[in-house]
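Asks: This is the structure I want to talk about, given as structure tokens.
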Amino acid sequence: MADATIAAKKSTSFDLVEKEISNTIEQAELSLERFQENRESGEDLQNCIDFLNQLRGIFTLIELQGGTILCQESVAIANEVPVGASEDKNSLLASLSQALFILRRYVEYFDRRREDHPELLLDIINGLRQSRNAKPLPDSYFFDVEFQRVTPKPLSDTSIQPEVFEYRSRRLRHMYQVGLLNLLKKSEREVGFKLLNRAADGFAKLCKGSSIAELWRLTALATNLMLKNSMTLTGTRQRVFMRLEKYTREMVKLGKVATAKTISETVAKDLVYIIALSGDHSEKVREVLAGFQVSPLEFDETKLVAHRSLLMGPGSDVLSSLAKALHEEINHIKDKLDIIERGIDSDDTGLQQIGDSLGKLADTLTMLDLKRLSDLAKGLRAKLQEWSKTGRQPNDNELMLIADSVLNIEQAVSQLEDEGLTFETDKIAEQKSDVQSSPYLTEAHIVVVGESQAGLALAKRAITAYLESSGDKLHLANVQSVLDGVLGALLMIEQSRAAKVLKSMARCIEEKLLRSESKPEDHLLETLADALTSLEYYVDSLGRNAEGNAELLSLAEDSVGSLGY
């Protein structure tokens, strides 16, 4: 009720000054524009700063937090620009122009929705701060959470020997580093999160009872939710995981003493914010957040991304809808080409229909500013229309060339849907089709990789069931045959190195689990699980890149090697 009252007062106050805000933003934009035309005009630059300060005062008065901070950062940028600014200050002026544009859009956003979500502006704010070499604000800057002060305490489990702690923490740190590197490279996002999650979960178990265990539990949950809900890996979130890597280094360097280290509230707050923002309302998430007296945020990651797109341009939902419509048109073209190629077209309008569909494709691609792809579609349409007018039927080679071009457009649309609109999308128009780039070969590769993943996951579940049943070997009955199937799949896609690792794992399972009369040591099972997990993630990386992630394979080799295989 209190929040609703505050929102109502803010809305009423905004109505009183809305016109003044709009006029002041316009005056700031005009002053900046005049200064850019004549950089000796210090008066125009000062006027721009004065108008921004005036806006900041208004936003502070009506408690519009997003507008207040954006104006504050804009003033800081403007103060970095000297009178008579040379070209090396162009980036600062460009940042200031963008900030004014976004400020106007944010005011319009608030006017329509009457919701102040300053987190929508965090990217532009941090962009401004980066332009003047200031430290970026964390993702959780606008998030309120209270932390209770606790006395740091070390690891309580005295049964863990220092050398075992050092060995395990070193292996977990290695896994964490490989995962972090994948995230920083932005090449293997899913694998990176899975490795971070497993490493964090391992650290939480290793540090059970200590002060730092809570930090690793939050990390494990946050990484799992980011992967599960496809949360955006922003620069600020990357920095959170980079800061956590320092804790892994201290645990390797200092040993058990490091478990008593005081947790950084900033890092913990960022992790709690990720969990609250995830949109996950499961019992586990609610339980963790309740410990910090917060609830899952209603304005979650999905809404944040969608609303930010309103400020920054076309969003993923728009591109997805366009891609769906384009795919439908392309499928219609492919079906019609197939009918013509088989010689079963019932009338003479087939080529004309394909040409009309290509015309629709070209218009949509032009709207997306994909000029090369649009020209490709237009060229095909012109050729088909000419054949249709003269009554000429294309031969098989000509139909294949048309089909190849249509497949190029289809590939571009798929990329548009998966990765968004980038400058690389339009280059696909100039690619030459060959066997290696065939989408059908790619699909076959994906099927084989998928079967391999399923086999490794089944083997992991069987071993887990074996452990939970206190060593009932019946659960392992089919593991060897499953691994043999995965081995054949790996050899089929010429992954001999991965196949060798899998052979070693199979031999380890045979000798240490199936033939052994005694229960295997926890250390052996943990390391074997690490090896299987690393290989599973490597196979998963093959689904996105034919070469795979060699570091993951090395991680699996190291794990198997440490077991003596």
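The values are calculated or read from the model by the stated rules, or taken from the named source; none is laboratory data. What you are looking at is a predicted structure, and each value in this text was computed from that prediction instead of being measured. Cβ sites come from the backbone with ideal geometry, for glycine too, and all protein chains shown count toward neighbours.
Asks: Please tell me if ASP280 is acidic (Asp, Glu), in a helix (DSSP H, G or I), at pLDDT 85 or above and surrounded by 15 or more Cβ atoms within 10 Å (Cβ to Cβ).
Replies: Judged against the criteria, ASP280 is not a match.
Asks: Also, I was wondering about something else. Give the residue, chosen from ASP484, ASP530, that is modelled with pLDDT of 85 or more, over 21 Å from SER187 (Cβ atoms) and surrounded by 18 or more Cβ atoms within 10 Å (Cβ to Cβ). Spell out how you get there, then give the answer.
Replies: Working: ASP484 fails: surrounded by 18 or more Cβ atoms within 10 Å (Cβ to Cβ).
From the options ASP484, ASP530, the qualifying one is ASP530.
Asks: Among the residues of the stretch 10-49, write down those that are of a type in the set (S, T, N, Q) and within 38 Å of the chain's Cα centre (by Cα). Show your work before the answer.
Replies: Filtering the stretch 10-49 for residues of a type in the set (S, T, N, Q) gives 11-13, 22-24, 27, 31, 36, 38, 41, 46-47.
Within the stretch 10-49, SER11, SER22, THR24, GLN36 qualify.
Asks: Right, something else. It is to be established whether one or more residues within the stretch 62-84 are surrounded by fewer than 20 Cβ atoms within 10 Å (Cβ to Cβ), assigned to a helix (DSSP H, G or I) and out of contact with any helix residue (DSSP H, G or I) (no Cβ under 9 Å at 6 or more places or on another chain).
Replies: Among the residues of the stretch 62-84, not one is surrounded by fewer than 20 Cβ atoms within 10 Å (Cβ to Cβ), assigned to a helix (DSSP H, G or I) and out of contact with any helix residue (DSSP H, G or I) (no Cβ under 9 Å at 6 or more places or on another chain), which makes the answer no.
Asks: What are the residue pairs meeting all of these: first residue in the stretch 468-480, first residue over 18 Å from SER518 (Cβ atoms), second residue outside any loop (DSSP other than H, G, I, E, B) and small (Gly, Ala, Ser), Cβ atoms under 6 Å, and 6 or more apart or on different chains?
Replies: VAL479/ALA459; VAL479/ALA462
Asks: Which ones in the stretch 194-230 are farther than 19 Å from PHE147 by Cβ, outside any helix (DSSP H, G or I) and small (Gly, Ala, Ser)?
Replies: GLY209, SER230
Asks: Within the stretch 99-117, which residues are surrounded by fewer than 18 Cβ atoms within 10 Å (Cβ to Cβ) and touching a helix residue (DSSP H, G or I) at 6+ places or on another chain (Cβ under 7 Å)? Can you show your working first?
Replies: First, the residues of the stretch 99-117 that are surrounded by fewer than 18 Cβ atoms within 10 Å (Cβ to Cβ): 101, 104-105, 108, 111-115.
Residues satisfying the conditions are ARG104, ARG105, ASP111, ARG114.
Asks: Report the residue count in the stretch 172-195 for those that are closer than 18 Å to LEU553 by Cβ, more than 11 Å from the chain's Cα centre (by Cα) and crowded, with 20+ Cβ neighbours inside 10 Å.
Replies: Of the residues in that region, 10 qualify.
Asks: Being modelled with pLDDT of 90 or more, over 22 Å from GLY179 (Cβ atoms) and assigned to a helix (DSSP H, G or I): is that true of ARG286 here? Quick ask: steps written out before the conclusion?
Replies: On the way: modelled with pLDDT of 90 or more: yes; over 22 Å from GLY179 (Cβ atoms): yes; assigned to a helix (DSSP H, G or I): yes.
For ARG286, the condition - modelled with pLDDT of 90 or more, over 22 Å from GLY179 (Cβ atoms) and assigned to a helix (DSSP H, G or I) - is met.
Asks: Moving on. Give me the residue from the stretch 307-329 that is at pLDDT 80 or above and over 14 Å from GLN415 (Cα atoms) and, out of that set, surrounded by the fewest Cβ atoms within 10 Å (Cβ to Cβ).
Replies: If we take residues in the stretch 307-329 being at pLDDT 80 or above and over 14 Å from GLN415 (Cα atoms), then GLU328 is surrounded by the fewest Cβ atoms within 10 Å (Cβ to Cβ).
Asks: Continuing with the same structure: Any idea which of LYS460, LYS473 is surrounded by 15 or more Cβ atoms within 10 Å (Cβ to Cβ) and at pLDDT 80 or above? Before you say what the answer is, go through the steps one by one.
Replies: Numbers: LYS473 fails: surrounded by 15 or more Cβ atoms within 10 Å (Cβ to Cβ).
Selected residue: LYS460, the only one of LYS460, LYS473 that is surrounded by 15 or more Cβ atoms within 10 Å (Cβ to Cβ) and at pLDDT 80 or above.
Asks: If you take just the helices (runs of 4 or more DSSP H) that sit entirely in the stretch 339-435, which of them hold at least 1 residues that are at pLDDT below 70?
Replies: Details: elements: 350-367, 371-390, 396-419.
Filter on the stretch 339-435 gives 396-419.
Asks: When you look at ILE62, is it touching a Lys or Arg at 6+ places or on another chain (Cβ under 9 Å) and aliphatic (A, V, I, L, M), yes or no?
Replies: On the way: touching a Lys or Arg at 6+ places or on another chain (Cβ under 9 Å): yes; aliphatic (A, V, I, L, M): yes.
In short, yes.
Asks: Next question, about the same structure. Report, ordered by the first and then the second residue, all pairs with beta carbons closer than 6 Å, sequence separation of six or more or different chains, a first member in the stretch 182-206 that is on the phi > 0 side of the Ramachandran plot and in the same structural domain as LYS256 (by TED's automatic domain parsing), and a second member that is outside any helix (DSSP H, G or I) and surrounded by fewer than 22 Cβ atoms within 10 Å (Cβ to Cβ).
Replies: Sorted first by the residue in the stretch 182-206, then by its partner, the list stays empty.
Asks: Examine the stretch 495-506 for a residue that is at pLDDT below 85 and buried (at least 16 other Cβ atoms within 10 Å of the Cβ), and state whether such a residue exists. Can you show your working first?
Replies: Step one: filter the stretch 495-506 for residues at pLDDT below 85, giving none.
Scanning the stretch 495-506 turns up no residue that is at pLDDT below 85 and buried (at least 16 other Cβ atoms within 10 Å of the Cβ).
Asks: Another question about this same structure. For the stretch 289-306, give me the residue count where each residue is modelled with pLDDT of 80 or more and part of a helix (DSSP H, G or I).
Replies: Within the stretch 289-306, the subset modelled with pLDDT of 80 or more is 289-305.
Now drop any that are not part of a helix (DSSP H, G or I), which leaves 289-290, 301-305.
The qualifying residues number 7.
Per-residue answers, yes or no, for (1) touching a residue at least 12 places away in the same chain (Cβ under 8 Å); (2) charged (D, E, K, R); (3) farther than 19 Å from TYR109 by Cβ; (4) surrounded by 15 or more Cβ atoms within 10 Å (Cβ to Cβ):
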residue: LEU32; (1), (2), (3), (4): yes, no, yes, yes
residue: GLU37; (1), (2), (3), (4): no, yes, yes, no
residue: GLY42; (1), (2), (3), (4): yes, no, yes, no
residue: PHE59; (1), (2), (3), (4): yes, no, no, yes
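Asks: OK, next. Among the residues in the stretch 287-297, are any assigned by TED's automatic domain parsing to the domain that holds GLY209, touching a helix residue (DSSP H, G or I) at 6+ places or on another chain (Cβ under 9 Å) and more than 30 Å from LEU206 (Cβ to Cβ)?
Replies: yes
Asks: In this structure, does LYS460 turn out to be of a type in the set (Lys, Arg) and either in contact with a helix residue (DSSP H, G or I) (Cβ under 6 Å, 6 or more places away or on another chain) or at positive phi (or both)?
Replies: Details: of a type in the set (Lys, Arg): yes; either in contact with a helix residue (DSSP H, G or I) (Cβ under 6 Å, 6 or more places away or on another chain) or at positive phi (or both): yes.
Yes: the conditions hold for LYS460.
Asks: Still on this structure: Looking only at residues in the stretch 92-122 that are among the basic types (Lys, Arg) and assigned to a helix (DSSP H, G or I), which one is nearest to ARG308 (Cα to Cα)?
Replies: Start the filter on the stretch 92-122 by keeping residues that are among the basic types (Lys, Arg), which leaves 104-105, 112-114.
Okay, now just the ones that are also assigned to a helix (DSSP H, G or I), so 104-105, 112-113.
Values: ARG104: 14, ARG105: 10, ARG112: 14, ARG113: 13 Å.
Among residues in the stretch 92-122 that are among the basic types (Lys, Arg) and assigned to a helix (DSSP H, G or I), the one nearest to ARG308 (Cα to Cα) is ARG105.
Asks: Considering each of THR266, THR236, THR223, THR259 in turn, give the residue that is among the hydroxyl-bearing types (Ser, Thr, Tyr), in contact (Cβ under 8 Å) with a residue 40 or more places away in the chain and in contact with a Gly (Cβ under 9 Å, 6 or more places away or on another chain). Let's see the steps before the verdict.
Replies: Working: THR266 fails: in contact with a Gly (Cβ under 9 Å, 6 or more places away or on another chain); THR236 fails: in contact with a Gly (Cβ under 9 Å, 6 or more places away or on another chain); THR223 fails: in contact (Cβ under 8 Å) with a residue 40 or more places away in the chain.
Testing whether each residue is among the hydroxyl-bearing types (Ser, Thr, Tyr), in contact (Cβ under 8 Å) with a residue 40 or more places away in the chain and in contact with a Gly (Cβ under 9 Å, 6 or more places away or on another chain) leaves just THR259.
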